[in-house]
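Structure first, commentary second.
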Amino acid sequence: MKQPTYRRRITAATAAALSLALAAGAAGCSGKATGGGGSGEVKTGPGVTADKITLSALTDLTGPYAALGKGVTQAQKLYYDQLNAAGGVCDRKIDFKVRDHGYDPQKALAAYSEVGPQSAAIPQVIGSPITIALKSRIERDHMLTIPQAWAHTLLGSKYIQITSTTYDLDMVNGVDFLTRTKGIEKGDKIGHLILEGDYGQSAVAGSRYAAGKAGLSLVEQQVKATDADMTAQVGAFKKAGVKAILVSVSPRQAASVVGVAAATGLNVPFVASNSAFAQQLLATPVGPIMEKSYFIMTAAPPFSLRNPAMEKLAGEYQMAYKGQPLDSAVYSGYATAAIVGEALKKACANKDLTRDGIVNAHRSNAKFDIGTGGTPMDFTQFTRPASRASYVVRPDKAARGGTSLVEEARESELAKGYDPPQG
């Protein structure tokens with residue numbers, strides 16, 4: 001998953017928002033809580049009262065993406081705590097509600113029924129299948145929603161913002177990386193381990209396109225979310241003679257495929273979707289193997305980058321959550337919280353804190369950038385990915401955040417001719 005992405009837009013004038021100088025932006029947006037729209041008044045809707053704006057997160061704290069959910073949620077709490085300390089938005093404090101669905105769509109539907117009616121926006125939904133299960137309700141309610149999921153099949157809704165690149169674009173950029181740097185040539189076979197459902201199907205749409213353009217043969221192996229042992233899949237890849245393996249599954253499944261491949265003598269490079277790695281894997285027996293041959297495509301810059309904004313975020317997160325992993329989930333969580341925070345501030349300036357007012361404010365932002373080195377995102381076109389450039393990072397136990405930079409973010413030549421399939 002995204003990790004997420006997950007992928008990920010503050011204007012150039014506010015690119016220093018990650019430095020947490022939020023007071024001026026928050027204090028500049030004040031207004032009465034009223035249903036009217038007269039001079040000096042702010043329209044309000046569900047989730048907005050005279051002194052509070054309620055936001056909700058539907059996360060995974062007990063299922064296969066619990067590590068992602070924990071990091072994202074803690075980072076979002078950090079952002080909203082800081083926003084509140086700076087005065088909130090429109091003289092209102094953020095009330096951030098968190099519900100765990102354990103990656104179960106039915107539990108997610110129940111959680112949405114509980115917190116959705118009282119929310120102004122939802123800055124976190126973990127999982128493509130969860131987002132799809134909720135989509136009709138999100139659209140009915142005109143709720144700005146930011147999934148921690150990057151399937152291209154989630155594109156096309158005004159109310160659902162897919163941040164940064166989608167899984168398929170990352171895989172197109174990943175195949176380009178293999179052909180440029182790992183000796184993969186026309187006529188070679190490459191494997192792709194994919195999770196059933198929208199995550200895997202989105203990723204394989206990109207690998208099929210890229211393999212076709214590069215003259216490669218793609219060997220696909222699909223697994224269920226409950227599958228833990230990748231022995232059969234590695235056996236199929238080895239029998240086919242693949243020269244590299246693309247990985248679009250959960251972190252635990254990724255650990256299995258890497259470990260089994262090493263044990264059976266299949267020594268090939270791996271290129272993974274951003275949702276197929278968690279920093280915790282570095283403490284397992286497969287950690288050293290991953291450091292040598294595992295590469296991750298992601299729209300988020302690694303925490304090992306040394307710039308003032310990244311240093312500040314890292315320091316403040318580690319102060320708030322001592323001993324907790326500092327990884328891409330943290331960056332993604334903070335960035336997506338900021339996306340909704342910025343939409344609220346713009347909606348306040350527009351004197352419209354209704355759900356539609358929040359969505360329209362968000363959709364007016366063509367260049368969101370939190371100033372940490374990530375690529376700007378365009379929110380104005382909801383049928384296309386917000387950005388097209390992927391970083392390449394690798395697991396690195398010695399690096400802050402557990403990954404180090406291999407290549408700066410770039411849109412590959414293969415990706416320049418690619419558009420995600422519609423429908």
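Restricting attention to the stretch 58-68, report how many residues are in contact with a Ser or Thr (Cβ under 6 Å, 6 or more places away or on another chain) and modelled with pLDDT of 95 or more.
Matching residues across the stretch 58-68 total 1.
With Thr165, Thr179, Thr131 as the choices, which residue is assigned to a loop (DSSP other than H, G, I, E, B) and either β-branched (Val, Ile, Thr) or closer than 18 Å to Gly69 by Cα (or both)?
None of the others qualify; the one that does is Thr165.
Residues Val115, Val89: which one is among the hydrophobic types (A, V, I, L, M, F, W, C), over 19 Å from the mean Cα position of the chain (by Cα) and crowded, with 24+ Cβ neighbours inside 10 Å?
Working: Val115 fails: crowded, with 24+ Cβ neighbours inside 10 Å.
Just a single option satisfies the conditions, and that option is Val89.
Just checking, how many residues over the stretch 289-307 are surrounded by fewer than 23 Cβ atoms within 10 Å (Cβ to Cβ) and either under 24 Å from Asn267 (Cβ atoms) or at pLDDT 95 or above (or both)?
Of the residues in that region, 4 qualify.
Within the stretch 315-423, which helices (runs of 4 or more DSSP H) (wholly inside it) include 1 or more residues that are under 18 Å from the mean Cα position of the chain (by Cα) and crowded, with 21+ Cβ neighbours inside 10 Å?
The helices (runs of 4 or more DSSP H) meeting that bar are 328-349, 355-363.
Kindly indicate whether any position in the stretch 369-382 is modelled with pLDDT of 95 or more, within 30 Å of Gly212 (Cα to Cα) and among the small types (Gly, Ala, Ser).
The answer is no; no qualifying residue exists.
Is it fair to say Gly323 is out of contact with any Pro (no Cβ under 9 Å at 6 or more places or on another chain), at positive phi and of a type outside the set (Ser, Thr, Tyr)?
yes
Taking Ala205 as the residue in question, decide whether it is within 22 Å of the chain's Cα centre (by Cα), of a type in the set (Gly, Ala, Ser) and on the phi < 0 side of the Ramachandran plot.
So Ala205 passes the test.
Given the conditions (1) touching a Gly at 6+ places or on another chain (Cβ under 7 Å); (2) closer than 26 Å to Gly401 by Cα; (3) surrounded by fewer than 23 Cβ atoms within 10 Å (Cβ to Cβ), which single one is not true for Gly259?
(1)
Restricting the search to the stretch 257-275, which residues are hydrophobic (A, V, I, L, M, F, W, C) and either more than 19 Å from Ile184 (Cβ to Cβ) or assigned to a strand (DSSP E or B) (or both)?
Answer for the stretch 257-275, where residues must be hydrophobic (A, V, I, L, M, F, W, C) and either more than 19 Å from Ile184 (Cβ to Cβ) or assigned to a strand (DSSP E or B) (or both): Val260, Ala262, Ala263, Phe270, Val271, Ala272.
The values are calculated or read from the model by the stated rules, or taken from the named source; none is laboratory data. As the structure is a computational prediction, the values presented were derived from the model and not from experiment. Note: ideal-geometry Cβ built from the backbone for every residue, glycine included; neighbour counts use all protein chains shown.
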